[in-house]
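Every number in this text was worked out from the coordinates using simple rules, so none of it is lab data. Predicted, not measured: the structure shown is a model, and the values here were computed from it. Note that we place each Cβ from the backbone using ideal geometry, even for glycine, and neighbour counts take in every protein chain shown.
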Amino acid sequence: MKLSGIMLTKKFGQIIGLAALSSALLVPPLQADDGGKGLQIATERKIRDEGWGDSEALTSMILRNAQGEESKRAIRTLNLEVANNGDKGLTIFDEPKDVRGTAFLNHSYVGKPDDQWLYLPALKRVKRIASRNKSGPFMGSEFSYEDLSSFELEKFKFTYLRDEVLNAEASFVVEQIPTDEFSGYSKLISWLDQKDYKVLKIEFYDKKNSLLKTLEFKDYQLYLKKYWRPLTMQMKNHQTGKSTDLIMHDIQFGKGRTDADFDTNALQRSR
């Protein structure tokens, strides 16, 4: 989903995704970010994930407290690609009963803050998420509203740090500094494999520059012979001991979704 980042199919890959150069043959030995190599990596990652159109997914959200006790939620995500202006995503909670009908809508943009809304069926009203509150937790999970945004180059300043082997895969390591003054993070450190530029891991640092969370992407599958999607995303909060897993059971593309499926009226129709 889309995260969004966490827009969960794509969003979580976008909101927290990174990128690389157009091909390994074009990438010189990377020893320092002396020529904007971090931005080059991010730009190529973005280019490689364009053209997917729209998608839907069924997902399980597993919440764990510091003692390891679990609670589960069943959610659906709808995503729409918007050329040159961010993406749109709708997340709908189906189970358990106490959150059924809750829906979250995200409109990502290039060059300005995202618009985000939450529909609470118990109150029968749509609540707008203010920019300064987007670092807050999403529905009690370890993902924040900020994490659910699609990945856009303008949202970060990029610095290539080093090459590193992660999980037996040669990877680029890139630092992302958020440009949004209301971001809950001082920086993100991302690992991308050098073959397909899949995001393997992201570390999130709080405003005091301490490690806050780690997100790992696992069980990647290739769709439409072009688009990589992780079936498992695991977010661990190092400061609280809590964690949240997102497990995708079904991802489908080309469902014919349009802008009408992603307006604020869609929130109340979503159930």
How big is the dipole moment of the range 11-269 about its Cα centre under a simple scheme where the beta carbon of each Lys and Arg is +1, that of each Asp and Glu is -1, and everything else is neutral? Debye, nearest 20, please. 600 debye
Full extension between L153 and L120 adds, at 0.36 nm per residue less the Cα distance, a length in nm of 8.7 nm
E181 and Q239 label points (each 7 Å along its Cα→Cβ direction) are spaced in nm at 2.2 nm
For each of V99, V82, V199, count neighbouring Cβ atoms within 10 Å of the residue's Cβ, then give the residues from fewest to most. V82, V99, V199
With +1 on each Lys and Arg Cβ and -1 on each Asp and Glu Cβ, and nothing else charged, work out how big the dipole of the range 112-162 is about its Cα centre, in Debye to the nearest 20. 220 debye
Under the helix-only model (-39500 (n - 2.57) for each DSSP H run of 4 or more, divided by the residues of the chain), the mean residue ellipticity at 222 nm, to 500 deg cm²/dmol, is -2000 deg cm²/dmol
Around E154: net Lys/Arg minus Asp/Glu count, Cβ-Cβ under 11 Å: +2
What the Cα atoms of the range 11-269 span along the principal axes, largest first and in whole Å, is 56, 43, 34
Gap separating the Cα centres of the range 137-165 and the range 188-206, nearest whole Å: 9 Å
